[in-house]
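See structure below.
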Amino acid sequence: MSGQQDFWARRKAKVELEAQADLAAVEARKLSEEHAELDELSDEALLEKLELPNPDEMAMGDDFSGFMSKSVPDRLRRRALRTLWRSNPVLANVDNLVDYGEDFTDAALAVENIQTAYQVGKGMLKHVQEMVRQEEERLNPTIVEAELGEDKLESEAEAETPINLERQAEEDALAFQTSQTGDEPDELQVECASPMPRRMKFIAKESAA
């Protein structure tokens, strides 16, 4: 019995869908015929026939909903939308600060190597940490200046005492060669070689008891 009821329920739903499709086809055909008749008229005649105002003379705050009707031809609707866009500063002057102003779902249009500050499980952690750091700098400027001074001194000390490992290796190799062969280095080698760095040697002598 339940199978027979399901059959008639499906049959009824199918008939309703067919009726809706036929009705939509009739409305589409009627609308197409109306548009074909309206396309032969000028814009002024269309506005008078549809009892609509001149879209070029409309301003912000006017009602543009009449141009959104299906019976209005596309060319009149586009004229009204252009006037609406120009009359509204929010729509006319896009400042690139609007939310979702760009389509980031399309990889071809998105910014190359785009990254997000959001971290899974942590949220906008870096952004929050940067805000905390800026707030600490604002509240404790002396501490920040002291840290910057220490960093500057360390960088200057490193710049004043560079270590040239390559030159040191050449000098050591030359000294080793001289000790092995017993020959003095050529004058050219002596001129090119930089003087050996002086090394201080400390000898601790035990005092007599």
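Coordinate-derived values only; no laboratory data. Because the structure is predicted, anything quoted here is derived from the model rather than measured. Note: ideal-geometry Cβ built from the backbone for every residue, glycine included; neighbour counts use all protein chains shown.
Apply the Karplus parameterisation 6.51 cos²θ - 1.76 cosθ + 1.60, with θ equal to phi minus 60°, to every residue of segment 69-84 and state each ³J(HN,Hα) to the nearest whole Hz, in sequence, with x for glycine and proline.
Per residue, the Karplus-derived 3J(HN,Hα) values read 5, 5, 6, 7, x, 5, 5, 6, 5, 5, 4, 5, 5, 5, 5, 4 Hz.
Provide the gained length on full extension for the span LEU91 to LEU174, in nm with one decimal, where the gain is 0.36 nm per separating residue minus the Cα-Cα distance.
Details: separation 83, 0.36 × 83 = 29.88 nm, distance 7.79 nm.
The span from LEU91 to LEU174 would gain 22.1 nm if fully extended.
Run the quick spin-label model on ARG75 and LEU139: label points 7 Å from Cα toward the beta carbon, then report their separation in nm to one decimal.
In this crude label model, ARG75 to LEU139 measures out at 6.8 nm.
Residue-wise, which Karplus ³J(HN,Hα) couplings in Hz belong to segment 59-68, taking 6.51 cos²θ - 1.76 cosθ + 1.60, θ = phi - 60°, and x for glycine or proline?
Here the 3J(HN,Hα) series is 9, 4, x, 6, 8, 9, 5, x, 7, 8 Hz.
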